[in-house]
1. May I ask for the distance between the Cα centers of segment D:19-84 and segment D:238-285, given as a whole number of Å?
2. Evaluate segment B:149-319: find the radius of gyration of its Cα atoms, find its Kirkwood radius, and give the ratio Rg to Rh.
3. What quantity of accessible surface, computed with a 1.4 Å probe and excluding non-protein components, is buried in total between chains D and C, in Å² to the nearest 100?
4. Closest to the D-onto-C rotation axis, which residue of chain D has its Cβ, and how many Å off the axis is it?
5. For the modelled label position 7 Å from the Cα of B:Asp118 along Cα-to-Cβ, which residues of segment B:1-35 have backbone nitrogen atoms closer than 17 Å?
6. Over segment A:131-189, what lengths in whole Å, largest first, do the semi-axes of the equivalent ellipsoid take, defined as the square roots of 5 times the eigenvalues of the alpha-carbon gyration tensor?
7. Quick one: with label points 7 Å out along Cα→Cβ, list the inter-copy distances for D:Gly337 in nm, shortest first?
8. Note down the magnitude of the dipole of segment D:27-178 about its Cα centre, charges +1 on Lys and Arg C-beta and -1 on Asp and Glu C-beta and zero elsewhere, to the nearest 20 debye.
Protein chains: 4
Amino acid sequence: MSEQRVIVAGASGFAGALAAELVWRHPRLELVAATARAEAGERLDRVHPRRRVPIELTELDLDRLEDADAAIVSYPHGAATPVVAAMRGLGMQVVDLSADFRLVDAAVYELWYGPHGDPDLLENAVYGLTELAREDIREAELVANPGCYPTAALLALGPLAERGLIASVTIDAKSGVSGAGRGGGEGTSFVSATENFSPYGVDGHRHQPEIEQELLRLMPAASSASRPGAAGSAVDVAFVPHLLPLDQGLLASCYVDLAEPLDGEALADLYADRYAGEPFVEVVDVPPGVRDVRETNLCRLHVASLGERQAVVFAAIDNLWKGAAGQAVQNLNLMLGLDEAEGLE
Amino acid sequence: MSEQRVIVAGASGFAGALAAELVWRHPRLELVAATARAEAGERLDRVHPRRRVPIELTELDLDRLEDADAAIVSYPHGAATPVVAAMRGLGMQVVDLSADFRLVDAAVYELWYGPHGDPDLLENAVYGLTELAREDIREAELVANPGCYPTAALLALGPLAERGLIASVTIDAKSGVSGAGRGGGEGTSFVSATENFSPYGVDGHRHQPEIEQELLRLMPAASSASRPGAAGSAVDVAFVPHLLPLDQGLLASCYVDLAEPLDGEALADLYADRYAGEPFVEVVDVPPGVRDVRETNLCRLHVASLGERQAVVFAAIDNLWKGAAGQAVQNLNLMLGLDEAEGLE
Amino acid sequence: MSEQRVIVAGASGFAGALAAELVWRHPRLELVAATARAEAGERLDRVHPRRRVPIELTELDLDRLEDADAAIVSYPHGAATPVVAAMRGLGMQVVDLSADFRLVDAAVYELWYGPHGDPDLLENAVYGLTELAREDIREAELVANPGCYPTAALLALGPLAERGLIASVTIDAKSGVSGAGRGGGEGTSFVSATENFSPYGVDGHRHQPEIEQELLRLMPAASSASRPGAAGSAVDVAFVPHLLPLDQGLLASCYVDLAEPLDGEALADLYADRYAGEPFVEVVDVPPGVRDVRETNLCRLHVASLGERQAVVFAAIDNLWKGAAGQAVQNLNLMLGLDEAEGLE
Amino acid sequence: MSEQRVIVAGASGFAGALAAELVWRHPRLELVAATARAEAGERLDRVHPRRRVPIELTELDLDRLEDADAAIVSYPHGAATPVVAAMRGLGMQVVDLSADFRLVDAAVYELWYGPHGDPDLLENAVYGLTELAREDIREAELVANPGCYPTAALLALGPLAERGLIASVTIDAKSGVSGAGRGGGEGTSFVSATENFSPYGVDGHRHQPEIEQELLRLMPAASSASRPGAAGSAVDVAFVPHLLPLDQGLLASCYVDLAEPLDGEALADLYADRYAGEPFVEVVDVPPGVRDVRETNLCRLHVASLGERQAVVFAAIDNLWKGAAGQAVQNLNLMLGLDEAEGLE
């Protein structure tokens, strides 16, 4: 079988560079271009010495995309929309790493990111949390790759949400510095971040509406309709991110008020069953460390009871892999009819 | 005024060594001995190069304590009791850094630490969270210095607890590696801890009963009595610690379900009022980083509303200072009639 | 072609665990056992969560080695000799990670490590710095895998040594904490190592005689014979290691007093020519960072002129890979007639 | 005695902010202004939470300096000259942290930094390595504060240089990330620097001419005149800096080819004698770690023999303290007739 031709648009950031590396070494994909603006003309492995891709970054030319089958787009929020629209116009399959196609409601998007450039495209996008939407992703032409925090939180909460077991949830999340992206400002300098740890975004973080939207979608209709104060349209989520003094790694500690009593064994069984056979989700019997999943596409989950009606679920991922570029390739594999794990192990 | 003579018993651990340094450079205290077992005969600044105390560690000799006025004891749980008992028998004023005198109920102590060696002594011990028990500490002969996690959590929750505003609370706490003590095992090795972050003690941590006991004590009687499921004797606390890849620093993120609605402004006012004039508590309007308080006795607090009936309070401390040796000296200052901040700035 | 059966003896340390992982995922090797003493019965990926080898560690049984073709032995110095001797007695091919077979002169070994347990075996051992002794390794039955510092230093100095261009050399070397091994003592605790950096072994380090021996072997006879003060038998080497606050990574900065003048271009050409075509040595035109080679078997080299008769050569490796387990597999591949890079990319 | 009034000009960078803090808490100095351009109007402790100076940064107004007695200027190279000239015109005593007054020869300055803005001022500047030029500093009106690397290297080499014992020297130096200053570029981001270590400036670093100039000045006339190839005007120095994955700390490992044989004991005696009684130089008998001197004005030195004619001297400092702001205050104390250590302990 011939290789599928893939463009990585926006390969100078952390996630885009990793996406380029994953496509480059993928046995069934061919990296036909890795694009960048400021760094066009430089070799990717010079810009990112850790990414061993000895190809030259080029400027994206929307008039010369004809021969590519698919693309992973890693542009800033807002800037991704016209690029994705052009690619979709040519029939290319696209995984988009920005937030531009994650929120189904353009009005909610506007609240957090500003006016949406192409609301019509939203309808056809599939929210790409692989393990929770696999069949839709197989059929999708445009996948909105989830944010790093929502990836961890939703994998942690999915099994409970699907059963309508979440009365409310508090997500205390912690991410390494690479989550802020290249050029993340002074807070991402070594001097600021080392030996430090602090909350941020306490007055509202863009990943919160994304988590709420998807939790609600996962919940059985009756359950969500009956939630007090929710008017059938919301789930009670508190989400607070913190910045860890490490490079790659994200842990979400999710404290769930249960809609009905569940003991530790029932919780463990629920998670083991739900994720049985998943290549990239491991339900483990000890709390996971982010180092355990570093430079892998894995999500490690641990669930425990904190009382008759309270549970905690921990999810550890590498924010650049399962939280971004790894999941993008996982999704692209599905869209192209390949083995989901190809090129990721 | 002449200097008070102070022994630091157990000065080879992280907290004990800092206590020795603080006493050593204290303008009103004289460090008459810093004791250790295995390292007796070595100079303190050789064992702990960061602690600039050029004195020799000696073996503790309980028969030769007569000329000391007070002691800070930094022994392992269980081992502290006989030392403290002997010192108290001689009339010395003692601040004990172990857990041996923190729990008022010997039965609860036994559940977490084993049988207590001298339950009678418990009655006279004062739980030394300075800002919440200052007057008692002034009169105390024996102060049980709080654990590092309880210090942060109780400073964060005190103002709400005192008003009966806590329906339930989830404490997601994160500590640097020094919190585990010297010889903390393989998890505290550089290779294990760097670029890592993980929860631990999920099935129960010794600081939980301490937090519960003190929260309950702070709550107005009516409030605690009426708590559902609590039978008038408990407060609903979930406490989960995590290990940070840094040396000194602790952040407690406390998520409170409020007993009655409070908005952000009311919360901010409550905290500003409660801690007005405190030399070591700073209520700030941005989320605190642990680096901001490193090598200081400060606790930085930030409170925010997460919804009509949910608040979050962040408390950042240096676990070796306000979480251990710094607070010990603060308490000793009070017990000896000195300015509380002396030697700590 | 069938797979070769390989034992990793001593898989509970950092290097042994990585060796087990590399053999485990090697397409042409079968990991028949990974042994340990204290941790026998535990799963390898529980002891080392980063090493994704889901097999149980077993006790080494020297009476049941018959069906293995080869072994990688990662025992402490001294303890390796009897194990290696037994394996060699059965005709197994062995790569030994200890120092036991690195020094050709048992008297020199004794000076640094104590009496040698089987001096006769020394004769048949080949010093396994792959790029500098490839043909001998192909024929070897027993390979002494070089130390991490000698690996970097000799790759850096080899091209100059082979041409007799080294009058004297000062090696300022820096290694991450994993170089000290598991259980490396208090200096390897997170609290000691973080935000710290210090020299050690200034009064003599075991890797110095190894570097001297191999440099001398590389030098042309006339050159070494004519060295002032060397009596034909020594090369003037100063070697000082330092401890870096990072996990995996080693940089050797080698300052060479040249036996004859060479400019920067001549130096660059010499290195480019010498290592042309090498799969694991990259001669680069900028100073290398240890992060560039992390979790790879690569050595990155950069050479520059510091004056008419002084050059500096930097070599960056991952101390656990090219400095230990990676090079062991590279050598084993050669001994078994496989592609040298198999399983290492 | 009344307090001296001091301006810190350029207090938004790392060194300037520390200088402001040191003056702020100095018992004999009054901080009359801390200036900044972009951050004017912000509070210093908001810009630098670790620097506990609750005053507002203001724009520097050269027309309103009349009432200040002295200044510490922390401007970029080139930009410092006009500010210093204006202050000197008003008779203020100035310690300048830039390179603008360090090199006595304007032509050498121009090679490394561009044309000098006021070469006449060079004549009156004293190079402020306190321990090596104390008496000149006492009389100085303008002190050029040394660079961080030269401070460590010259303290390490001074005792040998003064005796004419240095034939040549190789300085392998390593600095924490704060040495690159705020806004130090992508190499100073957390993601780039963590778990990394690399050389830089191999083709020439601005601190090299500064080290050469001062070493030559320290050497006895006969010694420097007779140096081969030096034409009486140069000393053979190789200097290579490296970037450490830590915040504050600098270690210089100085390898000296001795002009005449000296054993370890003679070396130790030479250093102990030379620095006897120095408040901020500690000659120690073990290799120093940078953590030992963190947040202090100390330089820890250790000297050892590496052979009959080779010695190594290690110098550890905190690059922001003894390598910048701490030494600036030490010098200012001398210039103002105060105790040299005032405000630094």
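1. Cα centroid to Cα centroid, the span is 33 Å.
2. 0.98
3. Adding both sides of the contact gives about 2800 Å².
4. Result for the axis mapping D onto C: D:Asp172, 2.
5. What the label zone holds, given the 17 Å backbone N cut-off, is B:7-10.
6. Details: eigenvalues 149, 78, 9 Å².
So the three semi-axes of segment A:131-189 are 27, 20, 7 Å.
7. Here the equivalent label points are 4.2, 9.1, 9.2 nm apart from this one.
8. Details: 14 positive and 25 negative charges, 163 e Å.
Value, rounded to 20: 780 debye.
The values are calculated or read from the model by the stated rules, or taken from the named source; none is laboratory data. Since this is a predicted model, take the numbers as computed values, not measurements. As a convention, Cβ positions derive from the backbone with ideal geometry for all residues, glycine included, and neighbour counts pool all protein chains shown. The accessibility values were calculated without ligands, DNA or RNA, using every heavy atom of the protein model including side chains. Shrake-Rupley method; radii C 1.70, N 1.55, O 1.52, S 1.80 Å.
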